[in-house]
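Here, each number is a calculation from the coordinates, and none is a lab measurement. Please read all numbers here as calculations on a predicted model, not as lab measurements. Please note: Cβ atoms are built from the backbone with ideal geometry, for glycine as well, and neighbour counts cover all protein chains shown.
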Ligand SMILES: [Zn+2]
Ligand SMILES: [Zn+2]
């Protein structure tokens, strides 16, 4: 199957062809993806995938990836990260279960793949980006990066730093 670059994908032919599939590849506009902690997209957010007709049910499998420059929510350090998300959505001409977020309605046999990919990324993206899962963050008293070693403050944090630390955690 040859790739198509349209973001709106005409599936009328595929709907009539059980067992067939259609590949897609496009870039998701990053202007729509304004996440806290992402300083810059170093590559476009690329969406690759395939729509398959499984006995009349259209399944869109996608693989989304991008390189981005981020800022750690705890230690404020900048770090590079490769974001990757794989998943699937179902395309249907009639919504039977409106509550199922994985089902998308076709518009005259046309799928809005941008919407599907954007929803998936927004749903998946962590609200707080960390340079590593066990990042120790900054000392709430002296502001030292505790990943680089302990400071001399002991464990009696100054309430002002604590408040600032909590503020940063929330952001
Ligand atoms: Zn960190
Ligand atoms: Zn300290």
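Listing for the model above:
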{"item": "Which of 96, 78, 52 has the fewest Cβ neighbours within 10 Å, and the rest in rising order", "result": "96, 78, 52"}
{"item": "P(r) tail fraction, the chain - alpha-carbon pairs more than 28 Å apart, %", "result": "41"}
{"item": "Inverse mean reciprocal Cα-Cα distance (Kirkwood Rh) of segment 65-107, Å", "result": "13.5"}
{"item": "Whole-number percent relative contact order across the chain, with pairs defined as alpha carbons under 8 Å at least 6 apart", "result": "19"}
{"item": "Burial ordering of 145, 107, fewest other beta-carbon atoms within 10 Å first", "result": "107, 145"}
{"item": "Footprinting exposure proxy for 50, 132 (fewest neighbouring C-beta atoms within 10 Å first)", "result": "132, 50"}
{"item": "Segment 37-119 - Kirkwood radius from inverse mean 1/r over Cα pairs (Å)", "result": "14.6"}
